[in-house]
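Beneath this line is the structure, given in structure tokens, with notes to follow.
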Amino acid sequence: MAAAMAAAANKVSLLSLVLLVLLCWGSPSASQELRRPPSKIGVIGAGIGGTSAAYFLRQKFGRDVQIDVFEKGDVGGRLATLNVEGKHYEAGGAIIHPLNLHMKHFAKVLGLSVSPIQDGLMGFYNGDELVFEESGWYIWNFIKLLWHYGLNALRMYLWEEEILDKFMRIYRYQSHNYAFSTSEALLHALGGSDFLRRLNQTMDEALQEAGFSQKFINEFVTPVLRYNYGQSTSINGLVGVIALASIDPGLWSIEGGNKLACAGLLEASKAQLIPSTVLSLEEKNRQEGRSGGVVKLYKVEYNSAAGLTSDLYDIVVIATPLQRKISNLEFRNFKLPSGEFSRPYQPIVSTLVHGQINASLFGYQDPSQLVLSDIFTTEGPKAFFYSLSLVSPVQNKMDQSLVSPVWRTFSAESLTKEQLNLLFSSYDTVEEKKWLAYPRYSPPEKPSPVVLHDHVYYVNSIEWVASAMEMSAISAKNIALLAYHRWYNKAHMIDQEDLHERLKTEL
Ligand SMILES: Cc1cc2nc3c(=O)[nH]c(=O)nc-3n(C[C@H](O)[C@H](O)[C@H](O)COP(=O)(O)OP(=O)(O)OC[C@H]3O[C@@H](n4cnc5c(N)ncnc54)[C@H](O)[C@@H]3O)c2cc1C
Ligand SMILES: *[C@@H]1O[C@H](CO)[C@@H](O)[C@H](O)[C@H]1NC(C)=O
Ligand SMILES: *[C@@H]1O[C@H](CO)[C@@H](O)[C@H](O)[C@H]1NC(C)=O
């Protein structure tokens, strides 16, 4: 009896199995599941964008895919250090915000030590005098801010927080694997048409609209924007808010240099680094087996120590600005989607100076009275530098044993001897690094496309919203998800509306 029952049960389960197989056969989603995984993915650029893309691509596509990362310079890209008398200092991307969750995650999983960036005192200089100066006494600062700017500073904090709150939604969307096919769609999912409108507005317009005073904008906001982006309040209203976050408390950086995140991600992703300059990208069709399916592949041509070489890839991720002066990639056999790719980038010179600051320039006869560690400048003909900051070496940051300090300036051009002599009462070592640093923002901003071809993606589209380490990491994760969903035809995971509402009910 029991045996008969079991046999019947088996029959039922066999039948249901057959049914299930038949059903699956007929359903398109199941046949797509059968699509072969990609065998090779190429990533161009080993900055934080390319290396985090390699990391997230490995997570999505699994251990069998080969990932190659091309780099023509040093791993780290715009994260780099300069050597001043045997100690290394950040010359590019330096500060990381406490709410930059991808950067935080990288430091944690890669086992990198982090250290806080010392909360120094900030002053704003107009070329003649300091128009605002923080003091070490919190209450006194508060009174000073009130006195100078009324409630503007407090309101600014709340205004910024509201925008950053919405921005933080990206982490939830990404943890649920949702992806976006354009930078605009990503922004819309975070903050609706309000966010898109900010991309069309200058920071000045956005601030005026929110009722901030012109004095506050010129004296307080502008210097912070100049420090961060070497530009004024003519930048778009989103990158402007990201810049303001750079004076929040709790900033940090990676011990040994932020570029260690890139090296770590490369290793964790088990990607192969190919030191070479990529010259071109070309679409190729290959006949697959006897069944005769045509497979689309991308030929990456590159120049390495071994000479001109090329390789075929299923998916290609471009993680460098497609600015001709930065990366002059040629696209053969396929047309880029419309959109301007080679828009100007802002030149910034980062100069590290070991010396004593000229206190009298800032109105102090006694140098020991000048205790500011960040001096940002307002706009004007006399402001030949954007910022002057006391910096710590990337190693043993908390070690304050240095007798004479190292300062870092950001400026549009190399500092002349005269300018150095004006800024410093004495100095010895001067090291500089020239960058094409970040986009020259000019709203209405139209970010470049993210999808350049069926399986070619562009990480640095996001820079036209805002350029920062975390932005590159967010874009890299988005592209890993997008490449995965597009490879396996999971359209329901791309460009979904109302994610914020939908995910509220999910845990
Ligand atoms: C002076 C300065 C200060 C900054 N301060 C901060 C800060 O405090 N906080 C912050 O978050 N961000 C800061 N940023 C911005 C931040 O550094 C960048 O947004 C971020 O590092 C960009 O990373 P990425 O990987 O997208 O691009 P990149 O770092 O530029 O990486 C692109 C890589 O691609 C390589 N490459 C280009 N073309 C080719 C090719 N044809 N073949 C092979 N390789 C190629 C390049 O050599 C480069 O290594 C700063 C930037 C600068 C310049
Ligand atoms: C932004 O400006 C563009 C034109 O430059 C326009 O097409 C678009 O609708 C604007 N978006 C918003 C949200 O205002
Ligand atoms: C310092 O600044 C003053 C202007 O306040 C200037 O006259 C002087 O030449 C500068 N340099 C030195 C070394 O003091």
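Couple of notes before you dig in:
- Note: the stretch 293-418, Cα convex hull, 230 Å³ per residue.
- The radius of gyration of the Cα set in the stretch 237-280, together with its Dmax, comes out at 16.3, 44 angstrom.
- Linear extension gain, A412 paired with L336, 0.36 nm per residue minus alpha-carbon span: 24.1 nm
- The share of accessible area on the chain that comes from carbon and sulfur is 55 percent, using a 1.4 angstrom probe.
- Accessible area per residue, Å², the stretch 93-242 with all protein chains present, probe 1.4 Å: 44 Å²
- In the stretch 413-484, chymotrypsin sites (Phe, Trp or Tyr not before Pro) in a DSSP loop with at most 13 other beta-carbon atoms within 10 Å: none
- Farthest towards the positive end of the charge dipole of the stretch 332-489, among the residues Y458, F410, I357, is the Cα of Y458, using unit charges on the Cβ of Lys, Arg, Asp and Glu.
- For the stretch 252-317, the set of chymotrypsin sites (Phe, Trp or Tyr not before Pro) satisfying both a DSSP loop assignment and a count of at most 10 other C-beta atoms within 10 Å is empty.
- Inter-part distance where the stretch 338-359 and the stretch 229-254 are each reduced to a Cα centre, Å: 15 Å
- With q set to 0.06, 0.09, 0.12 Å⁻¹, the log10 of I(q)/I(0) for the chain, from the Debye formula over equal scatterers at the Cα positions, is -0.33, -0.68, -1.13.
- Whole-Å distance, taken between Cα centres, linking the stretch 438-507 and the stretch 89-145: 28 Å
- Considering helices alone, the calculated mean residue ellipticity of the chain at 222 nm is -10500 deg cm²/dmol, with DSSP H runs of length four and up weighted by -39500 (n - 2.57) and normalised per residue.
- Subset of K40/K166; K296/K504; K60/K104; K104/K433 violating a 30 Å alpha-carbon distance limit: K40/K166; K296/K504
- For the chain, hydrophobic long helices are taken as DSSP H runs at least 20 Å long by C-alpha position along their axis with mean Kyte-Doolittle hydropathy of 1.6 or more; these are 2-26.
The values are calculated or read from the model by the stated rules, or taken from the named source; none is laboratory data. Not measured: the values here are computed from a predicted model. Note: ideal-geometry Cβ built from the backbone for every residue, glycine included; neighbour counts use all protein chains shown. These area figures cover heavy atoms from the full protein model, side chains too; ligands, DNA and RNA do not enter into them. Shrake-Rupley method; radii C 1.70, N 1.55, O 1.52, S 1.80 Å.
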